[in-house]
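What follows is a set of notes on a single structure, which appears directly below.
The values are calculated or read from the model by the stated rules, or taken from the named source; none is laboratory data. Since the structure is predicted, the reported quantities are computational estimates derived from the model, not experimental observations. Cβ sites come from the backbone with ideal geometry, for glycine too, and all protein chains shown count toward neighbours. For accessibility, only protein heavy atoms count, side chains too; no ligands or nucleic acids. Shrake-Rupley method; radii C 1.70, N 1.55, O 1.52, S 1.80 Å.
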Amino acid sequence: MLFQIAWRNIWRSKLRSMIVIGSVLLGVWALTFLMSFNRSLINGYIDDAIRYQTSHIQIHLPEFVEDREVAFLLPDGEKLFESLKEEETTAAISLRTSLSGMIKSPRAAQGITITGVMPSYEKEITRLDEKILEGTFLDGSKRNQIMVSQKLAEKLKLKLRKKVQLQFQDVNGEFTGATFRVVGIYKTGNTVFDLSNILVNRKDLNRLLGKKDASHEIALLLKDKQQLDVVKQKITADHPNLLIEDYKEISPDVKLYEQQIGVSLAIFGTIFMLALIFGIINTMLMAVLERNREIGMLMAVGMNKLRVFGMIVMETLLLGMIGAPIGLFLGFLTVSYFGEHGINLGAFAEGAERFGIQTVIKTDLDTNVYLIIMFGVLITALIASIYPSFKAIKLKPVEAIRKI
Amino acid sequence: MAIIEINNIEKTYNPSKVPVHALRGVDLQIKKGEFTAIVGPSGSGKTTLLNIIGGLDSPTTGQIIINGQDISKLSDNNMIDFRKENIGFVFQAYNLIPVLTALENVEFIMVLQKKDKKARQERAKELLTAVGLADKLDKRPSELSGGQQQRVAVARALASKPAFILADEPTANLDSTSTAGLLDMMAKMNEEEGMTFVFSTHDQRVIDRARRVVTLVDGKIESDIYNG
Ligand SMILES: Nc1ncnc2c1ncn2[C@@H]1O[C@H](COP(=O)(O)OP(=O)(O)OP(=O)(O)O)[C@@H](O)[C@H]1O
Ligand SMILES: [Mg+2]
């Protein structure tokens, strides 16, 4: 019967209760959507980072990671490459020569990371061939091909088939360099990456370095991200002298972004909870105040404090919780809709792309988040119920009844 | 044996600021089955006395013994439980829970007493029938007249099987027909069930129905008369 009383009491002041219920509903809806949007945005970023930059796993000599010196070559890199290529878990793999140097056009020059790749393998792993705006991907058919990004081309005033000068140190520390011809211009969407990276054929780079089998880096893409830890452990065990890193280690900002999903849930959630707590407390205090006489009467005839407390808590919980499932459901519908159709960030894309963010966001949300939000609302309502309930049991029946 | 025994009760409000001596040494014994009116001019201390008897307020000095138990030493929460089991209350107004029907209001006190559902529904129906509201079981208080609401309150008070029922000016808000009806009903419960009633009133017609009339003046008992 306490439940009945609590339930009916909520509808005594319809408008007031509807305001709270509506706020919870809208809040939960917005929260669900925001969380999903945020998550998709970040996952998109992470996927992009894995795709174009880090892959799942990278293998280097530890010294190379410390200090990107040309001399820190992978020992037997080609052999390791061949054996990992055959692994069941491998989706794609690439062997690279990587070094820092200068790129010089007739108009400008700048420092750059030069990566020598094996085109057919590299295509599979970074899919840069899909991001080509003009020209083609490297193919090794001619000597000294180079691929630059659109941004860098603009900056250096480069065009397709134009020549550009690369300078760097060879394995003996001697300065060397050569003229390369632009065969392709690409755009990944990540401006920072685009401005600091160029691609050439590993064959050409190794010849200039004076070491045909030179390699610094193996990038590995797995069929299943879930296998990351297992594969990483296995390679580490087999090659204790090498540094095996996963994408989170390679790119700490990716790890940060992954944590960011949790952090933003916490931040949005806390703001929402605080607003809700004040709203609910306010409404319930009014309700308790209005019912002073009634509550006094109940205590006079024999309703003890625990029961009065329980009645107000129950009423508060009901009030707080009614809107939540509806809000979650609307959130689910919205997320599903945008999961299907995507949200076009059109107008903002210019800014977003600079940070490597995709411009069409397809939302998705894991079921955990629904549970967390539901639980959060429950906790919020519980916290909000404490003060009004205490107010209620502090009433002195004589005083409440005197006012009759 | 007296079910209510109060000895030398004094009650002073605001003892530190402007003291109001509401009761100045009241002794009273009420036996089972009595039908007692507490009367007196406004401000004479009727409500104060009933509140103290009902354990809603505590005296400044003196002793209250209900059913042989000294209740002045009970904690707040124990006092609530004591009231639930031993005392029925009828107030001047706002006796009922507005969101419950007449039947549920009567049942409610038995819910607090943890009676099982079937037993309490039966008893609630029985009592509402006895107070003449058999056709109003499903009505909410707002759909009942003042007199009908007070009858529900009496039924609720009876439902808990208390030792006695306290009613502070139960007819104050009622017209004369409803007043007579309520009094008839209370008298019937008193005669047929032997229920003890203690009520305060200003109303001469109500005073005339009482079998014992205790008159308070200025916080003291001025007279205590049995009418046949
Ligand atoms: N909470 C209180 N604080 C201070 N004084 C009080 C309080 N309650 C009652 N009094 C005073 O105590 C005295 C007795 O009041 P009480 O309400 O018991 O009288 P009463 O006989 O019931 O009067 P009425 O017929 O008007 O209901 C009055 O002088 C009243 O003003
Ligand atoms: Mg009074």
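Key figures for this structure:
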read-out	value
Eligible lysines near A:Lys162 by straight Cα distance, threshold 25 Å, same-chain separation 8 or greater	A:Lys104, A:Lys123, A:Lys131, A:Lys142, A:Lys151, A:Lys187, A:Lys203
GNM flexibility winner over chain B from B:Leu158, B:Leu182, B:Leu28 (Cα, springs under 10 Å)	B:Leu28
Long-range Cα-Cα pairs in segment A:1-148 (distance over 23 Å), rounded percent	61 percent
When each of A:Lys305/B:Lys136; A:Lys85/A:Lys225; B:Lys125/B:Lys161 is checked by Cα-Cα distance, pairs over 25 Å	A:Lys305/B:Lys136
Shielding by other protein chains, B:90-101, mean Cβ within 10 Å	5
Whole-number D in µm²/s for the protein assembly as shown (Stokes-Einstein; Kirkwood sum over Cα pairs; 4 °C, 1.567 mPa s)	41 µm²/s
Chain A - percent relative contact order, Cα under 8 Å, separation 6 or more	26 percent
Within the accessible area of segment A:62-241 (1.4 Å probe), percent carbon and sulfur	47 percent
log₁₀ of I(q)/I(0) at q = 0.15 Å⁻¹ - segment A:62-241, Debye sum with one point per alpha carbon	-0.88
Residue order for A:Phe180, A:Phe268, A:Phe175 - accessible surface, 1.4 angstrom probe, largest first	A:Phe175, A:Phe268, A:Phe180
Helix runs (DSSP H) in chain A reaching 30 Å along axis by Cα, Kyte-Doolittle at least -1.0	A:14-49, A:252-290, A:305-341, A:367-394
Candidates B:Lys17, B:Lys84, B:Lys115: whichever shows maximal mean-square fluctuation once chain B is modelled as a Gaussian network with Cα springs under 10 Å	B:Lys17
Cα gyration tensor category, rounded, prolate or oblate, for segment B:1-100 with a/c compared to 1.5	rounded
Leading residue at positive end of dipole, segment A:44-101 (Cβ point charges), from A:Leu61, A:Phe81, A:Ala49	A:Ala49
Chain-alone versus full-assembly comparison, segment B:111-159, residues with accessible loss of at least 50 Å² (1.4 Å probe)	B:Leu112
Residue (of A:Ser100, A:Thr115, A:Thr179) at the positive-pole extreme of segment A:62-241, dipole from beta-carbon charges	A:Thr179
Area buried, chain B against chain A - accessible surface, total, 1.4 angstrom probe, square angstrom	2600 Å²
For residues of A:289-300, the mean tally of beta carbons on other chains within 10 Å	4
Whole-angstrom Cα spans of segment B:2-226 along principal axes, big to small	49, 38, 34
For the protein assembly as shown, accessible area per residue (1.4 Å probe, heavy atoms of protein chains only), Å²	46 Å²
Accessible area of B:Arg209 in the full protein assembly, 1.4 Å probe (Å², nearest 10)	90 Å²
Sequence-separation-based contact order of segment B:2-226, relative, with Cα cut under 8 Å and 6+ spacing, percent	30 percent
Ordering of A:147-158, B:117-128 by burial proxy (mean other Cβ atoms within 10 Å per residue, highest first)	A:147-158, B:117-128
Sorted largest first, extent of segment A:182-267 alpha carbons per principal axis (Å)	53, 37, 21
Whole-percent carbon and sulfur share, accessible surface of segment B:2-226, 1.4 Å	46 percent
